[in-house]
Amino acid sequence: MGQIILGVGDYGASNRPGEEVKTFALGSCVSVVLLDPKTRTVGMVHVALPESAINKAKSVEKPGYFADTGIPALLAAMAKFGCNPKGKGMVVKLCGGANVMDTNDTFQIGKRNALSIKKVLWKYGMGAVAEDLGGNFSRTVSVSVDTGEIILNSPGRPNWKL
Amino acid sequence: MTEKIDRAVIQKVIKSVPMLSASANQLLQTTTDPDHDLREIVHIVKTDATLTARVLKVVNSAAFGLINEITSLDRAISYLGERLIVGIAIGDCASQLFDKELKGYEGEHGDLWRHDLRTAIASREVVAQSDLDISPDLAFTAGLLHDIGKALISDYLQGTAGEVLEKIENDEISDYLSAEEELIGFDHPRAGYELALTWKLPEAIAEVIRFHHTPAEAREEFQELVYAVHLGDNIAMMGGCGTGADSMRYKLDADYSRYITLQPNALASIMLTVNEEFVKLERSFAEAGDSNR
């Protein structure tokens, strides 16, 4: 089965039957998964940080790194597969955004990532139908083009679906 | 039911791994002294042919993208900086530990090395971006060694991860550190500390290994450094680089703010730098090495 593997700050999409889009070990990072039922396209972006304002140059070089530049970049990539460029009709799922235990406000990057992503989605009129966010564990996430189903795994736990 | 272990068992495990090389040991001692200079580092590396060859391989790896090959050791060392020289030396002679597959944590082969390298970079970055009066290079080295105890106790924890996670989720155990203690009577910081004593590591590094999850218990004179690595460790785990089932299952001690001022944006910048640096260093080490790292 074909795989598209995304690193930190990468985004990618596929409409090829049998293929899956995957990213490893999301700690405080969040994976935004967009599913377009009309074109049967699956897209994912591995967001590491909430806002691109901290490093504009980086957001040009790797827009997927930040929530506010990553989602537009993913939508543009999916538009090449014939999807609506504003995300109309797409299904959204979110995974990741974990925090370390007893975290203080500063270290809640996971939570801030998720919030920032939701804000950006809201501007497009989009909202997540399913999410697996937070907690104190890292997640590996893969989504199948055929079913749009997400398989999550984390060391020491049985796999689960979203 | 897991078997309890004690100091004697850990000592036996330690005896089964190779000692640090003379040059790695000298490098650690020299770089911990605030008054050393780069010439001393060059001198130590020169006496070790294997290390010299490795340093030249790393500096000339594609990851650094140098146009002209560096053939002089002096230039290689000043280009890489002393922390990488120490990193190469330790990484080489403790490779049996760093490369160990941490089955007890359900970690994958190479996880420990990647987590340690990432912690080293993050600890250095925390020091560099705050007003701490400690050497960023020392923070790097301490970060590299902080979790070495996991390689010593991992085998004794085999088959426990699922149960530990369940207990943590149900609030029956507070974190992974307590779980290690409860299951086998020994946690990884203490195991690592035993190794630090046997290897005669500098006191500052031994203190980091012992208290990186409980920095408030470290001796006052070393607390800044211990807190810096404590944060480095957490930043590495948040970046998705843990050692398996225990990742993010430790407590953050927010009292770091007694020494380290960190605004959310500064933390985000640190995480960004750490990721970039990590990708580069991991590649350069992998290209220069013949192990699976």
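The values are calculated or read from the model by the stated rules, or taken from the named source; none is laboratory data. All of these numbers come straight from a predicted model, not from anything done at the bench. With ideal geometry, Cβ positions are generated from the backbone for all residues, glycine too; neighbour counts draw on all protein chains shown. Note: accessible area is taken over every heavy atom of the protein model, side chains too, but ligands, DNA and RNA are not part of it. Shrake-Rupley method; radii C 1.70, N 1.55, O 1.52, S 1.80 Å.
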### Query
Out of curiosity, is B:ALA228 open to solvent by less than 10 Å² (accessible area, probe 1.4 Å), closer than 18 Å to A:SER138 by Cβ and of a type in the set (Gly, Ala, Ser)?
no
### Query
Can B:SER174 be described as open to solvent by 10 Å² or more (accessible area, probe 1.4 Å), part of a loop (DSSP other than H, G, I, E, B) and not aliphatic (A, V, I, L, M)?
yes
### Query
Taking A:ASP132, is it within 22 Å of A:ILE5 (Cβ to Cβ), touching a residue at least 24 places away in the same chain (Cβ under 8 Å) and open to solvent by 70 Å² or more (accessible area, probe 1.4 Å)?
no
### Task
Could you check how many residues of segment A:8-28 are within 26 Å of B:LEU267 (Cβ to Cβ), out of contact with any Phe, Trp or Tyr (no Cβ under 8 Å at 6 or more places or on another chain) and open to solvent by 10 Å² or more (accessible area, probe 1.4 Å)?
4
### Summary
When segment B:107-125 is checked residue by residue, the ones that are of a type outside the set (A, V, I, L, M, F, W, C) and either part of a helix (DSSP H, G or I) or within 14 Å of B:LEU145 (Cβ to Cβ) (or both) are B:ASP111, B:ARG114, B:HIS115, B:ASP116, B:ARG118, B:THR119, B:SER123, B:ARG124, B:GLU125
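Okay, residues lined up against (1) more than 13 Å from B:ALA94 (Cα to Cα); (2) open to solvent by 60 Å² or more (accessible area, probe 1.4 Å); (3) aliphatic (A, V, I, L, M):
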position	(1), (2), (3)
B:GLU3	yes, yes, no
B:ILE10	yes, no, yes
B:SER16	no, yes, no
B:SER21	no, no, no
B:GLN26	yes, yes, no
B:GLN29	yes, yes, no
B:ASP35	yes, yes, no
B:ARG39	yes, yes, no
#### Entry: Only one of A:THR69, A:THR39 that is under 25 Å from B:VAL274 (Cβ atoms) and either part of a loop (DSSP other than H, G, I, E, B) or more than 8 Å from every other protein chain (Cβ to nearest Cβ) (or both)
A:THR69
### Residue selected from segment B:208-217 under the condition open to solvent by less than 10 Å² (accessible area, probe 1.4 Å) and within 18 Å of B:SER257 (Cβ to Cβ), by the criterion farthest from the chain's Cα centre (by Cα)
B:PRO215
### Summary
By residue number, the members of segment A:78-118 that are open to solvent by 20 Å² or more (accessible area, probe 1.4 Å), within 18 Å of A:GLY12 (Cβ to Cβ) and assigned to a helix (DSSP H, G or I) are A:ALA79
### Query
Is it the case that some residue within segment A:54-69 is under 22 Å from A:SER144 (Cβ atoms), of a type in the set (A, V, I, L, M) and either open to solvent by less than 10 Å² (accessible area, probe 1.4 Å) or modelled with pLDDT under 95 (or both)?
no
### Query
Mind checking which residues of segment A:35-47 are open to solvent by less than 10 Å² (accessible area, probe 1.4 Å) and over 16 Å from A:LEU121 (Cα atoms)?
A:THR41, A:VAL42
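A quick yes/no check of all residues on (1) closer than 24 Å to A:GLY135 by Cα; (2) assigned to a helix (DSSP H, G or I); (3) within 14 Å of chain A (Cβ to nearest Cβ):
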residue	(1), (2), (3)
B:ALA151	no, yes, no
B:GLY159	yes, no, yes
B:GLY162	yes, yes, yes
B:LYS167	yes, yes, yes
B:GLU181	yes, yes, no
B:ARG190	no, yes, no
B:LEU195	no, yes, no
### Message
With the structure loaded, tell me whether B:LEU201 is assigned by TED's automatic domain parsing to the domain that holds B:ASP137 and part of a helix (DSSP H, G or I) or whether it fails that test.
### Response
no
### Summary
Listed by range, helices (runs of 4 or more DSSP H) wholly within segment B:1-56 having at least 2 residues that are polar (S, T, N, Q) are B:22-32
## Note on the structure
Contact list, first residue from segment B:248-261 and free of Cβ contacts under 8 Å to residues at least 24 places away in the same chain, second anywhere and among the charged types (D, E, K, R) and open to solvent by 10 Å² or more (accessible area, probe 1.4 Å), beta-carbon distance below 7 Å, six or more apart or interchain, is B:LEU252/A:ASP102
### Task
Show the residue pairs that are 6+ apart or on different chains and have beta-carbon atoms under 6 Å apart, the first residue being within segment B:131-157 and in the same structural domain as B:PHE278 (by TED's automatic domain parsing) and basic (Lys, Arg), the second being assigned to a helix (DSSP H, G or I) and at pLDDT 95 or above.
B:LYS150/B:HIS188
